[in-house]
Amino acid sequence: MNAQAILNQIEADARETAQKTLADAQTKAEEMKTASRAKIEGMHKELLSQAQTEGDALEQRMLRMAELEERKELLAKKRALMDEAFEMAGQKLSAASNTEKRAFFLRQLLTFATGSEQLAIGGENAGWFDDRFLSDANAALLKAGKSAGLTLAPEKRSGCEGFLLITGGAEIRCTFSALLEEARTNMEQAVATDLFGKP
């Protein structure tokens, strides 16, 4: 075989090897592109799914916050309405006649007094208290089986309507404001149910 034929064979073999290498490279490149595309699509789907999950969670949080704000606002309105109801009750008590107030406070005194206290009259709207109240109170206490030693404090208590029973340094406040405060504590749930239905 002459040298030219050998050179031609080598060239042909080199061309064939180069074409095979190029074809292999192109195949690998296509495989890599396909794998890369699949990976990107997978990541895209995963990101979309994660974004959807986070979006749903954010929506739920926002709905819960809005619901909480709505409940807080409703509660504030209920409290304001109850404040108004008890304020009106206080005004009606204060507007009662002196005769009605006298009878009411005498009943309160019989409930809370033992008969040995000092009676301090509130300075606000004290027209219900007359010269006979102390003797009538002691007579009623005696009739109820209690001591009739109730005495009158020398000065009225400013800033309240009603009376205070003082004994041993302790005070029992039988004023409209104190009675309403106690009634509100005891009745708040019942009033809320009547006004707004079951909570």
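The values are calculated or read from the model by the stated rules, or taken from the named source; none is laboratory data. From a predicted model like this one, the values you see are computed outputs, not experimental measurements. Neighbour counts run over all protein chains shown; Cβ positions are idealised from the backbone, glycine included. In case anyone asks, the SASA skips ligands and DNA or RNA and just uses the protein heavy atoms, side chains included. Shrake-Rupley method; radii C 1.70, N 1.55, O 1.52, S 1.80 Å.
Measuring r between the beta carbons of Gln4 and Glu30 and using R0 = 45 Å, the FRET efficiency lands at 0.70. The packing ranking, built from the mean of other Cβ atoms within 10 Å per residue, places the peptides 181-187, 120-126 in the order 120-126, 181-187, highest first. By definition, a body whose alpha carbon gyration tensor gives a ≥ b ≥ c is oblate when a/c is 1.5 or more and a/b is not larger than b/c, and the stretch 97-172 fits this oblate description.
Rounded to the nearest 20, the Cβ-based charge dipole of the chain about its Cα centre (Lys and Arg +1, Asp and Glu -1) stands at 680 debye.
The alpha carbons of the chain stretch over 154, 33, 29 Å along the principal axes, in descending order.
Of the residues Ala96, Leu141, Ala120, the one whose Cα sits farthest towards the positive end of the charge dipole of the stretch 22-180 is Leu141 (charges of +1 on Lys and Arg Cβ, -1 on Asp and Glu Cβ, taken about the Cα centre). Pairs of Lys residues in the chain are counted when their Cα atoms are under 24 angstrom apart and they lie 8 or more places apart or on different chains; the count is 14. In a GNM of the chain with a 10 Å cut-off on Cα contacts, which of Thr175, Thr34, Thr111 has the highest mean-square fluctuation? Top of the fluctuation ranking is Thr34.
Accessible area per residue, 1.4 Å probe, Å², for the stretch 1-143: what's the number?
Using a 1.4 Å probe on heavy atoms only, each residue of the stretch 1-143 averages 76 Å².
For the pair Ala139 and Asn186, the difference between a 0.36 nm per residue extended length and the Cα-Cα distance amounts to 13.8 nm. Percent of accessible area on the stretch 42-199 owned by carbon and sulfur, 1.4 Å probe? Carbon with sulfur: 56 percent of the solvent-accessible area. Taking the DSSP bridge list for the chain and keeping only pairs wholly inside it, about 75 percent are antiparallel. Build a GNM of the chain with springs between Cα atoms under 10 Å: which of Gln60, Gln108, Gln118 gets the top mean-square fluctuation? Among Gln60, Gln108, Gln118, the largest mean-square fluctuation in the Gaussian network model of the chain belongs to Gln60.
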